[in-house]
Amino acid sequence: MKLFLSLFFISFLFTSSIYSQSTYFPTKSTWEVKEPKDFKIDAIKLNEAVKFAAENEYSGSKDLRIAILEGFKKEPFHEITGPTKKRGGPAGVILKDGYIIAQWGETDRVDMTFSVTKSFLSTTAILALEKGLIDNFDDPVKNYVWDGTFEGEHNAEITWKHLLQQNSDWSGELWGGLDWADRPPSIGDLDDWKNRKFNTPGTVFEYNDVRVNLLAYSLLQVWRKPLPQVLKEKIMDPIGASSTWRWFGSDNAWVDLDGLKMQSVTGGGHSGGGMFINTLDMAKFGLLFENNGMWNGTQLFAAEAIMEAIQPSIPNSNYGYMWWLNKPGDRNWKGLSENIFYAAGFGGNFIVIDQAQNLVVVTRWLEPSKIETFMNKVYNAL
């Protein structure tokens, strides 16, 4: 097994070097556009995919405050506690070898991106591991965050990996959010939900923003500085992202660290907040991951970190470290490669990465149920 993994990793790095040699990297202000035919891609079919994305706009309100309240109305006590913003229309960009081969909508418009934020959040965890702020993702978080957040027999078992894979089953309250009230089961009532049976950490996947925000809070404790600052210095500035993106938290999510007041950010826009960003900056982030953490000759984080981040978790074959995976399972896009991984957010926001094809696809405000059809149309053009 060890030999297999070693050979797999050598192959992974070799493939990574091939990608990096053939990839174009945009500057902060310039991004070269090429025709699909330059890559033997069918322009007519690609235009059909773009037309499909433009014509299948997310059906929710453009006033995202209304869309959020409507989308999570079944959750008890749910309220908006962070900033929101009215959204634009469908937008997107498709990259081949780093070049733009298709784009639509207002690609420079800053919009909420909801749970796509989670993939930015997990990146700050990878950076913390590489910096030595976290020794191992299998370490219990209580060894790093000792303020009572992880007290108790159940919560004390939770590791960084459990938080990253959304299978921690952490129990508690954070910034007024109750773990059991976030996306509760479709059956039962308040008493059933409050008095639920605990699952052993690492055994049950549950998409839960309270626990995602707990990861953000825990990372703030080890970084000792705001995560948007970490992301800006380590990732967004080096890849030439614009200065227009913002990463917000809840209005009440402020803590005192080392004599300074800092905001703990959210991993999405479930109650407002999260990443506000334009399409092109999302594409640059995707291009960094498509190239295994390397940007124009500079390795911003190790290639093996991405390999680890996109390994299927035990309770959910379609989920890694806050990246969705196109593996066989409940969330598999039929007809497409199992090696695709992607970030996904409420309202139809996606960053899709295919390293084998040297392809990055960003689409925004696409009706979520249409993403599989859209991606198949893109691949039909290749």
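Here, each number is a calculation from the coordinates, and none is a lab measurement. No experiment lies behind these values; they were computed from the predicted model shown. Every residue, glycine as well, gets a Cβ built from its backbone with ideal geometry; the counts of neighbours run over all protein chains shown.
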Cβ-based net charge around LEU359, under 12 Å, with every Lys or Arg adding one and every Asp or Glu removing one: -2
Helical mean residue ellipticity (222 nm; -39500 (n - 2.57) per DSSP H run of 4+; nearest 500) of the chain: -9000 deg cm²/dmol
Taking a spot 7 Å from the Cα of ASP38 along the direction of its beta carbon, which residues of segment 93-131 have an amide N less than 14 Å from it? 94-103
For a test of the definition: using alpha carbon positions, the gyration tensor, and the 1.5 limit on a/c, classify segment 206-276 as rounded, prolate or oblate. oblate
Quick one: which residues, 5+ away or cross-chain, put their amide H under 5 Å from the amide H of TYR319? H built at 1.01 Å from N. SER313, LEU325
Is the shape of segment 58-143 rounded, prolate or oblate, going by the alpha carbon gyration tensor and its root eigenvalues a ≥ b ≥ c, with a/c under 1.5 for rounded and a/b larger than b/c for prolate? oblate
Other residues with Cβ under 12 Å from the Cβ of LEU219 give, with Lys and Arg +1 and Asp and Glu -1, a net charge of +3
Give the shape of segment 120-265 as rounded, prolate or oblate, defined through the alpha-carbon gyration tensor: a ≥ b ≥ c are the square roots of its eigenvalues, a/c under 1.5 means rounded, and otherwise the shape is prolate if a/b is larger than b/c and oblate if not. prolate
Each label sits 7 Å from Cα toward the beta-carbon; between ASP191 and LYS86 the label points are separated, in nm, by 4.6 nm
If neighbour count is taken as other Cβ atoms inside 10 Å, put VAL33, VAL360, VAL352 in order from fewest to most. VAL33, VAL352, VAL360
Given H placed on each backbone N at 1.01 Å, which residues far from THR159 in sequence or on other chains put an amide H within less than 5 Å of it? VAL141
Segment 120-265, dipole about Cα centre (Lys/Arg Cβ +1, Asp/Glu Cβ -1), debye to the nearest 20: 520 debye
Reviewing (i) 17.5; (ii) 18.4; (iii) 23.6, the figure for mean projected area of the Cα convex hull in nm² actually calculated from this model sits under (ii)
For TRP295, other-chain or 5+-apart residues with amide H closer than 5 Å (H placed, Pro excluded) are LEU300
Hey, how many Å between the Cα centroid of segment 190-264 and the Cα centroid of segment 146-168? 14 Å
If the cut-off is 13 Å between C-alpha atoms, which aspartates and glutamates fall inside it for LYS334, apart from same-chain ones fewer than 8 positions away? GLU372
Relative to the first principal axis of the alpha-carbon coordinates of the chain, what is the inclination of helix 43-55, with its axis defined by its Cα atoms, in degrees from 0 to 90 and to the nearest 10? 40 degrees
Can you tell me the length gained on complete extension of the stretch ILE66 to THR244, counting 0.36 nm per residue apart and subtracting the Cα distance? 61.7 nm
Kindly flag which residue pairs out of LYS118/LYS225; LYS73/LYS377; LYS34/LYS232 have an alpha-carbon separation exceeding 24 Å in this structure. LYS73/LYS377; LYS34/LYS232
Selection from LEU178, LEU231, ASN167, by position along the positive dipole direction of segment 153-232 (Cβ): LEU231
At R0 = 51 Å the Cβ-Cβ FRET efficiency linking PHE198 and TYR24, nearest 0.05, sits at 0.55
Anchor LYS85: aspartates and glutamates whose Cα lies under 12 Å away (excluding residues fewer than 8 positions away in-chain): ASP63, ASP111
Using the Cα centre as the reference, give the magnitude of the dipole from point charges on the C-beta atoms of the chain (Lys, Arg: +1; Asp, Glu: -1; all else neutral), rounded to the nearest 20 debye. 880 debye
Excluding LYS74 itself, calculate the net charge of residues whose Cβ lies under 13 Å from the Cβ of LYS74, where each Lys or Arg counts +1 and each Asp or Glu counts -1. -2
